[in-house]
Amino acid sequence: MFIPYQAIMIPLVKLSNTVGMNKSIYVLVFAHIIYGIPICTLIFRNYYETIPNELIEAGRVDRASMVRIYRSIILPLSIPAFVVVVIWQFTSAWNDFLFAIFLTGGSPKLSVATTALNFLTGSPNAVYYGMNMTASLIVSIPVLIVYIFLGRYFLRGMLSGSLKG
């Protein structure tokens, strides 16, 4: 997130070749997980800062352990943050193009973005706008469905980590 994709692409491809995972879906999943950790950490950190200390103190007064406080108080309050992270990571992985091209070798079976590229660039002499728009719509439908069903949690989660008090 904080380092551009282009800056880590060559070392990542060399690492995947060294480990023997080149051109596989596993290296793509691994790259998205590792690349998403910083933004997810910041989202959760900002969200946890908004939880009132009085709730944690109330759990301590009831002699609850820190694990029990987390499981009973903090985790249920964290659902909007989890939804934000899931939507963020899903959208990032679904719309990814650069990682998919370099790490899977452009295999159309492994990424929606590379499949759409192969479909859209099928004919160099003619442009089929109808098919291009249809392919664009099909690629964007899953993201729209996720936002339709989880949009209110996404908005609540994004706003709750922005203010304290």
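Residues in segment 109-117: is at least one more than 16 Å from the chain's Cα centre (by Cα), in a loop (DSSP other than H, G, I, E, B) and at pLDDT below 80? Quick ask: steps written out before the conclusion?
Step one: filter segment 109-117 for residues more than 16 Å from the chain's Cα centre (by Cα), giving 109-110, 114-117.
Next cut, in a loop (DSSP other than H, G, I, E, B) only: 109-110.
Imposing the further condition that a residue be at pLDDT below 80 reduces the set to 109-110.
Within segment 109-117, one or more residues are more than 16 Å from the chain's Cα centre (by Cα), in a loop (DSSP other than H, G, I, E, B) and at pLDDT below 80.
Under 9 Å by Cβ, and 6 or more places apart or on different chains, what pairs join a residue from segment 19-48 that is in contact (Cβ under 8 Å) with a residue 24 or more places away in the chain and outside any helix (DSSP H, G or I) with one that is hydrophobic (A, V, I, L, M, F, W, C) and surrounded by 12 or more Cβ atoms within 10 Å (Cβ to Cβ)?
Correct list of pairs: N22/V13; N22/L103; K23/L103; K23/L110; S24/L103; S24/L110.
If you check every pair at least six apart or on different chains, which have Cβ atoms under 7 Å apart with a residue in segment 129-143 that is of a type outside the set (A, V, I, L, M) first and a residue that is surrounded by 10 or more Cβ atoms within 10 Å (Cβ to Cβ) second?
If the second residue must be surrounded by 10 or more Cβ atoms within 10 Å (Cβ to Cβ), the pairs left are N132/L120; P142/W94.
Failed condition for R63, given (1) surrounded by 16 or more Cβ atoms within 10 Å (Cβ to Cβ); (2) part of a loop (DSSP other than H, G, I, E, B), with all others met?
(1)
Please work out which residue is modelled with the highest pLDDT, limiting yourself to segment 118-140 and to residues that are part of a helix (DSSP H, G or I) and surrounded by fewer than 10 Cβ atoms within 10 Å (Cβ to Cβ).
Across segment 118-140, the extreme among qualifying residues is G130.
Of a type outside the set (G, A, S), surrounded by 12 or more Cβ atoms within 10 Å (Cβ to Cβ) and modelled with pLDDT of 85 or more: which single residue out of I8, I51 fits that description? Quick ask: steps written out before the conclusion?
On the way: I8 fails: modelled with pLDDT of 85 or more.
When all the criteria are applied, what remains is I51.
Yes or no: segment 33-43 includes at least one residue that is polar (S, T, N, Q) and modelled with pLDDT of 90 or more.
Going residue by residue through segment 33-43, those that are polar (S, T, N, Q) are 41.
In the following step, the residues that additionally are modelled with pLDDT of 90 or more were identified as 41.
The answer is yes; a qualifying residue exists.
The values are calculated or read from the model by the stated rules, or taken from the named source; none is laboratory data. Owing to the predicted nature of the structure, the values given are computational and were not obtained by experimental measurement. Glycine gets a Cβ as well: all are built from the backbone with ideal geometry, and neighbour counts include every protein chain shown.
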